[in-house]
Structures are given as C-alpha cells and as structure tokens.
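Reviewing the structure listed below.
Here, each number is a calculation from the coordinates, and none is a lab measurement. Here the structure is a predicted model, which means the values were calculated and not measured. FYI the Cβ positions are ideal-geometry reconstructions off the backbone, even for glycines, and counts take in every protein chain you see.
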Amino acid sequence: MKQAIATKQGVRLSVACLLLSWSVLGQAQDARWADQPRQPEHSEIMPLADKAIVNDMTRAGDHLVAVGERGHILRSENGDNWQQVQAPVRAMLTRVTFVDARHGWAVGHDGSVLRTSDGGESWELRHWDAAWGRPFYDAIFTTPDRGLVVGSNGRMLRTDDGGESWEEVTNEVFDTGFHLYEIERLEGGALMIAGERGFMARSLDDGESWEMIEPPYIGSYFGVIPVGPHAAVLYGLQGKVFRAIDVRELAVLDDPMAYDPFINESVTDSETLASMGWQAYDNPVVESLFGGSLYDDDGSGLLVLVGVDGTIVTGRADQALLEPVQSPTDQPYSDVVVQADRLLMSSRTGMHTADKP
C-alpha cells in the first residue's frame, strides 16, 4: 500500500513538473513575442457571412451597410440580399457610420478604425492597436476627415485629417474609466455619450470640453437617439428608456470621480426625474435594449428599440409609452432599421424582418 501511494505521488509530481515546464515555456514564448504585436489580416470572404453575427447597420445613400464578426462587412440594396466585401481586419467590428453616401467609418476590436470613400465597396485601415487590444464601440464624423471614436475604458480619439493622425482626448470625465458605448450629435449641435454603469456625458462645444451627466438610472446605457434639436432618448439595461427634454439643461456632476455606481441610486420618482430634466418611458418589457432607430419619413416619429430575446418595442418619440411587437425569433437583436413597410433587425444569426407597426 505504501508503495502504491508513493507511486501515485510520484506520478502527480511528474505531471506537476511537466505542467510547470509548459508554463515556463509559455511565458518565455509570450516574452519573445511581447515586442511583436499582432498584425492585421484581411477578412475572409465567407458564403454565410450574412447569417453570422451582425452588430450594426446603417444607410449609405441608396444602400445598407452592416458590420459584424471577423471583420465582416456587408452591403445590400434592399436588406434582403447581402454581399460581403473584404475588410483590412479580421477583428470583430462593432459600429458603422456614414457622413454621406460615399464616406463612412467602421470601428471595432483591437482598436480598429476603417474608412471608406466609395460607399462601402472598399475599406482602408486608419487605426490599429493590437497592443491595446480593446474595442472602439462607436464613431461620429462631421466631415469625411473630422471626427471622434470612442470605446473601452473611457478612451476617445480625435482626427482632423481623415485618420492620418490621431489625438487622445483627455478629460476628467473619461478618467472614470467607464466604457463609452455610443456617441451622437443632436440637431442643435450638442454631443451626447451613453456608457456603462450609468455613465453619460455631454459636450456643448463640439467636443472641446465634456461634462458628466447625473444619470436617472444607475445601469448601462447602450444607445442615444436624437429626437429633436435638443432632445434625446437613451436606452439600455432592463428595458430602461428615458427622454432628455433638453440635453443642455440636464443636471451634471461637479466631481465625476466621486460617482460610484455601487453607491449612487436610481431615481424613480417622476417629479424628481423632471427636476433633473428627464422623463421615463412606460415600457412593458424588462429585457435589455441594444439598438434603436427613429423613423420620421412619414412624420410619425416612430421610435423602435430592440434587444435581448428578440425584444421589439415601439412608440412615438414624443410620448412616454412603448408597446411590444411580435418578433420572428428569440435571438438577441443588436440594431434595427425602419424601412417603408417593415423592420429590419440585425442579430447573432444575421438579419430578420418584422412587420412595421
């Protein structure tokens, strides 16, 4: 028996030594490659790219452009038939935006920032930071050359020359380190950011300075939708949706670094919300909302929000009531585009459609 125990102990010791040697070897290899950051690789053209993860989509003139996993970029004239175009990266792409019909930008993981000047038919890499390794979540451009990208841990970059050079935007607001999920420009010119754990910020001087807004709900906000010259709708976790009556008048925090999402409390009283400049939407669902769109081509001001478990809710932007819409799938939706007679949603399994309410 003692000999058997000794044998087992010997085996365990041998395995432990082998694992340790592998660990040391792995550390040595990591050290060897530490000074050689990964280089970008072109995306692969995949026959089922339109059935894979699609994170975002937008209009570019008479086309739709969508982005998703492994650097997939898709174009479509009608939202039914999609054609993949090659991208200069294989990183997950999170957002795509266009300044006009031809000039657009896409951002994603590994600090990827891509630019197109032909409506999305071809793309060039304008920023890559594999050493940083984290994602940019959104971009906003006022001209084909001048814009901002925002992302993980409060990082914001600015370019004034179409991505030839980039400048880190520093501000006490971003020192809080919260992820910046979406940035939008209101018709009146104000910039608004939605972020994690209640983070939201505004700029009233075209991004030169920023203020952290006192949030009505201490939970992540995934999107901002401009709904007028100075109003905006923010949405996020647990189906929470709020309308800022006038972004310029929202209450702000004097000391952003004192904000603590584990101590600060959400506001539920309607009068208190109103005094802060907010109105809460009555939403019958509690699933988190990841994407949204405002359709006003027919003057309806139709607000559509989508999210977890195939959730779709709609309502008028100027009213505080949302209603659920029957969904064709229980897959989580990431974004929605409102077309003339239907809703087009992106998801982890490609595109889905539903009747327009």
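Could you work out how far apart the two model spin labels at D175 and D355 are, taking each label as a point 7 Å from the Cα in the direction of the beta carbon, and quote it in nm?
So the two model labels end up 5.6 nm from each other.
Please check: in the Gaussian network model of the chain (C-alpha springs, under 10 Å), which one of M276, M200, M345 has the largest mean-square fluctuation.
It is M276.
Calculate the spin-label point distance for D62 paired with L125, positioning each point 7 Å from the Cα along the beta-carbon direction, and give it in nanometres.
According to this spin-label approximation, the distance is 3.4 nm.
Using only Cα atoms, locate the centre of segment 187-234 and the centre of segment 236-315, then give the distance between them in Å, rounded to an integer.
With segment 187-234 and segment 236-315 each reduced to a Cα centre, they are spaced 10 Å.
If the chain between D296 and R146 were fully stretched, how many nm would it gain, using 0.36 nm times the residue separation less the Cα-Cα distance? Show your work: numbers first, answer last.
On the way: separation 150, 0.36 × 150 = 54.00 nm, distance 2.73 nm.
In short, 51.3 nm is gained.
Kindly express, to the nearest 10 degrees and within the range 0 to 90, the angle between helix 2-33's C-alpha long axis and the longest C-alpha principal axis of the chain.
Taking the Cα atoms of the chain, the angle to 2-33 is about 50 degrees.
Under a GNM of the chain (C-alpha, springs under 10 Å), which listed residue has the highest mean-square fluctuation: V89, V149, V285?
Residue with maximal mean-square fluctuation among V89, V149, V285: V285.
Considering the options T268, V313, P88, tell which one lies farthest towards the positive end of the dipole of the chain, charges being +1 on Lys and Arg and -1 on Asp and Glu at the Cβ, about the Cα centre.
P88
What is the gain in length, in nm to one decimal, between K51 and A320 on full extension, counting 0.36 nm per residue of separation less the C-alpha to C-alpha distance?
Numbers: separation 269, 0.36 × 269 = 96.84 nm, distance 3.48 nm.
Using 0.36 nm per residue and subtracting the Cα-Cα distance, I get 93.4 nm.
Once the dipole of the chain is set up with Lys and Arg at +1 and Asp and Glu at -1 on Cβ about the Cα centre, which of L294, F141, S220 lies farthest towards its positive end?
Going by the Cα projections, it comes out as S220.
Report the rotationally averaged projected area of the chain based on its alpha-carbon convex hull, in square nanometres. Intermediate values should be presented prior to the final figure.
Working: hull surface 93.6 nm².
Averaged projected area of the chain's Cα convex hull equals 23.4 nm².
Between V286 and S209, what length comes free when the chain is fully extended (0.36 nm per residue of separation minus the Cα-Cα distance, one decimal in nm)? Please list the in-between numbers first.
Working: separation 77, 0.36 × 77 = 27.72 nm, distance 3.45 nm.
Extra length available between V286 and S209 comes to 24.3 nm.
Please check: in the Gaussian network model of the chain (C-alpha springs, under 10 Å), which one of E167, E121, E44 has the largest mean-square fluctuation.
Of the options given, E167 has the highest mean-square fluctuation.
Looking at Y181, G104, L74, which one has the Cα that reaches farthest to the positive end of the dipole of the chain (charges on Cβ: Lys, Arg +1; Asp, Glu -1)?
Farthest along the dipole direction, towards plus: L74.
In nm, to one decimal, how far is the S266 label point from the D246 one, both placed 7 Å along Cα→Cβ?
2.8 nm
With +1 assigned to the C-beta of every Lys and Arg and -1 to the C-beta of every Asp and Glu, and no other charges, what is the dipole magnitude of the chain about the Cα centre in debye, to the nearest 20? Display every interim value, and only then the final one.
Numbers: 28 positive and 54 negative charges, 402 e Å.
The dipole of the chain has a size of about 1940 debye.
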